[in-house]
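Before any comments, here is the structure.
The values are calculated or read from the model by the stated rules, or taken from the named source; none is laboratory data. Fair warning: this is a prediction, and the values are worked out from it, not measured in the lab. As a convention, Cβ positions derive from the backbone with ideal geometry for all residues, glycine included, and neighbour counts pool all protein chains shown.
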Amino acid sequence: MEKESENKKEKEEAKQDKKSGEKSESVKEEKKEEIKEEKKTVTLTQEDYDNIKLQVADAMNDFKELERDFENLRSRIKDDVEKAKFDGIADAVKTILPALDSFKKARELVSDKATQSGINLIEKNILSSLNELGVHKIECVGKKFDPNFHSAVMMMQKDKVKSGIIIEEAEAGYMLKDKVIKYSQVIVAK
């Protein structure tokens with residue numbers, strides 16, 4: 001008896017599964033018909049077509065303008081970030097440069113060769129670190145005076161040196177990449 005009741009249950013479940021399968025297929029067919037019904041042909045007058053065409057062209061122009069504005073903004077932000085980075089490095093380096101100028105004075109005051117060698121080594125290491133940031137010393141002795149890089153602190157007569165040639169550097173000048181951050185203080189031949 002138990003087997004018969006189990007068989008009946010199985011048959012009933014199979015019938016229900018079959019009915020639900022048929023229902024889901026009929027639902028799918030109804031949806032397909034609905035979709036087919038939704039596709040309709042619309043007839044436009046030439047004036048309507050031209051208006052839509054103008055609206056699409058206006059929308060495309062607006063989109064292109066927004067795209068240009070976005071690219072301009074991206075470029076401006078990139079430039080602003082680069083400038084802020086440059087200004088930050090320049091400000092930090094400017095605070096270090098007076099100490100760097102002290103190395104020349106320290107070498108003049110010290111007669112011990114070992115101490116002078118140590119001073120030279122420290123100065124060389126600092127200059128190397130600054131160089132990694134894009135800072136380099138302006139070379140000037142023996143070159144023609146250029147107010148874009150040099151500031152004359154004195155003019156002096158010197159034999160066998162043309163007028164306008166730098167004969168001595170009073171204080172070193174430095175550039176960050178291609179911009180002067182400290183002008184060389186120089187003595188120029190008369």
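What is the residue count in the stretch 128-152 for residues that are more than 18 Å from VAL188 (Cα to Cα) and out of contact with any strand residue (DSSP E or B) (no Cβ under 7 Å at 6 or more places or on another chain)? Can you show your working first?
Let us first name the residues in the stretch 128-152 that are more than 18 Å from VAL188 (Cα to Cα), namely 128-137.
When the remaining residues are screened for being out of contact with any strand residue (DSSP E or B) (no Cβ under 7 Å at 6 or more places or on another chain), the result is 128-133.
The qualifying residues number 6.
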Check your understanding: Does LYS144 count as under 19 Å from GLU168 (Cα atoms), modelled with pLDDT under 95 and out of contact with any Ser or Thr (no Cβ under 7 Å at 6 or more places or on another chain)?
Key -> yes
Revision key, fill the gap. Cβ pairs under 6 Å, 6+ apart or interchain, first in the stretch 123-145 and at positive phi, second surrounded by 12 or more Cβ atoms within 10 Å (Cβ to Cβ) and among the basic types (Lys, Arg), ordered by first then second residue, are GLY134/LYS177
Exercise for review: Could you look through the stretch 154-170, keep only residues that are closer than 14 Å to LYS104 by Cβ and surrounded by fewer than 18 Cβ atoms within 10 Å (Cβ to Cβ), and pick out the one that is nearest to the chain's Cα centre (by Cα)?
Suggested key: ALA170
Revision key, fill the gap. Among (1) within 38 Å of the chain's Cα centre (by Cα); (2) free of Cβ contacts under 8 Å to residues at least 12 places away in the same chain, GLY118 falls short only on (1)
Review point. For ASP101, all conditions in the list (1) at pLDDT 90 or above; (2) within 22 Å of ASP87 (Cα to Cα) hold save one; what is the number of the exception?
Key: (1)
Revision key, fill the gap. Sole miss for ILE35 among (1) surrounded by 10 or more Cβ atoms within 10 Å (Cβ to Cβ); (2) at pLDDT below 65; (3) of a type outside the set (D, E, K, R) is condition (1)
Point to revise | Matching residues in the stretch 133-160 - criterion: being over 25 Å from GLU123 (Cβ atoms), part of a loop (DSSP other than H, G, I, E, B) and either among the basic types (Lys, Arg) or touching a Lys or Arg at 6+ places or on another chain (Cβ under 9 Å) (or both) | key: GLN157, LYS158, LYS160
Point to revise | Every residue from the stretch 104-128 that is among the charged types (D, E, K, R) and either in a helix (DSSP H, G or I) or modelled with pLDDT of 90 or more (or both) | key: LYS104, LYS105, ARG107, GLU108, LYS113, GLU123, LYS124
Review point. Taking the condition assigned to a strand (DSSP E or B) and either polar (S, T, N, Q) or within 30 Å of GLU82 (Cα to Cα) (or both), does VAL180 pass?
Key: yes
Exercise for review: State yes or no: is GLY134 loosely packed, with under 11 Cβ neighbours inside 10 Å, under 15 Å from LYS179 (Cα atoms) and modelled with pLDDT of 90 or more?
Suggested key: no
